[in-house]
1. Looking at residue 77, is it modelled with pLDDT of 85 or more, under 20 Å from residue 132 (Cα atoms) and of a type in the set (A, V, I, L, M)?
2. Please go through (1) under 24 Å from the mean Cα position of the chain (by Cα); (2) free of Cβ contacts under 8 Å to residues at least 12 places away in the same chain for residue 113 and return the number of the only condition it doesn't satisfy.
3. Among the residues that make up the range 187-194, is at least one of them more than 30 Å from residue 60 (Cα to Cα), within 35 Å of the chain's Cα centre (by Cα), open to solvent by 70 Å² or more (accessible area, probe 1.4 Å) and modelled with pLDDT under 85?
4. From the set of residues in the range 116-154 that are assigned to a helix (DSSP H, G or I) and polar (S, T, N, Q), which is least open to solvent (accessible area, probe 1.4 Å)?
5. Looking at (1) over 20 Å from residue 80 (Cα atoms); (2) touching a helix residue (DSSP H, G or I) at 6+ places or on another chain (Cβ under 9 Å); (3) surrounded by 11 or more Cβ atoms within 10 Å (Cβ to Cβ), which is the one condition that is false for residue 113?
Amino acid sequence: PQKQWYQRRVRGSMAKSDESYVFDRFTPKKRTRTSFRSKLEEAKRQKQLLEQKKEEEKIYTEEELVAHFGADHLTGVRECQRTLDTTCERLLALATEVERFLEVTQLTEKVQGDIEAFCGKTRLIVRSKLQKQYQKMVNDALSPTYTPPTKVSDLTGFWEMIELQISQTQNAYEALIQLKQNNWVEPEPVPTKVLKPKIVNKPAVSKATAAKNIEKAKERAEKMRIFREEQRAKKAALEKQQSENTVPMETQ
């Protein structure tokens with residue numbers, strides 16, 4: 001039946017063409033049968049996802065959070081949230097302040113590039129690191145359904161990693177402020193002094209002391225030679241004794 005259907009399809013396409021024969025290469029797709037069990041499992045999965053989403057969006061009261069997490073956990077999370085909000089406001093204010101420096105006309109291309117890089121980097125830290133990643137961790141720490149539970153120590157550890165980038169941003173801001181106070185003229189680099197290593201002259205050794213040292217070295221070498229010869233003699237005697245104790249198989 002499939003072959004006859006394809007032939008009818010080809011004839012129909014040939015009849016539609018007046019000047020040339022156009023063959024329709026369309027082949028019917030195979031019908032996929034979905035069993036009732038798979039449909040039921042898919043419906044259950046969608047229902048579970050919907051219930052999980054509703055549970056995540058549920059707003060818990062303060063009493064429920066205290067009963068689930070404890071007062072110390074909530075106090076630490078609230079403190080992290082306040083630190084996050086103040087830091088975001090401060091960094092965005094710095095970026096806005098530095099961006100106004102671009103209105104000055106006598107800026108060089110290097111200074112303009114530094115200002116634009118500072119503003120872009122600062123806003124990227126706020127948008128990606130703070131408002132996205134860290135804020136999500138804070139929200140998860142207040143969600144009783146989130147697994148595994150986020151602890152205050154996790155928030156503190158992540159904040160310590162971000163704090164390095166925040167301090168670098170603060171240093172870059174202070175450098176731009178200092179450059180502005182210097183009328184946008186970069187200070188000349190201060191030449192650093194290269195310290196030459198001090199040459200310590202060893203005290204001269206007298207001839208008598210040198211002769212004593214040579215004699216001591218000879219005595220140590222002689223003792224080492226005698227010790228090695230004794231070890232060789234002991235090893236040879238041991239090997240000879242072992243060879244005498246072993247009886248050949250042929251004689252047995």
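The values are calculated or read from the model by the stated rules, or taken from the named source; none is laboratory data. In this text, all values refer to a predicted model and were calculated from it rather than measured experimentally. FYI the Cβ positions are ideal-geometry reconstructions off the backbone, even for glycines, and counts take in every protein chain you see. Surface areas here come from the heavy atoms of the whole protein model, side chains and all, with no ligands, DNA or RNA. Shrake-Rupley method; radii C 1.70, N 1.55, O 1.52, S 1.80 Å.
1. Yes: the conditions hold for residue 77.
2. (1)
3. Yes: one or more hits.
4. Per the criteria, the residue is 122.
5. If we test residue 113 against (1) over 20 Å from residue 80 (Cα atoms); (2) touching a helix residue (DSSP H, G or I) at 6+ places or on another chain (Cβ under 9 Å); (3) surrounded by 11 or more Cβ atoms within 10 Å (Cβ to Cβ), just (2) comes out false.
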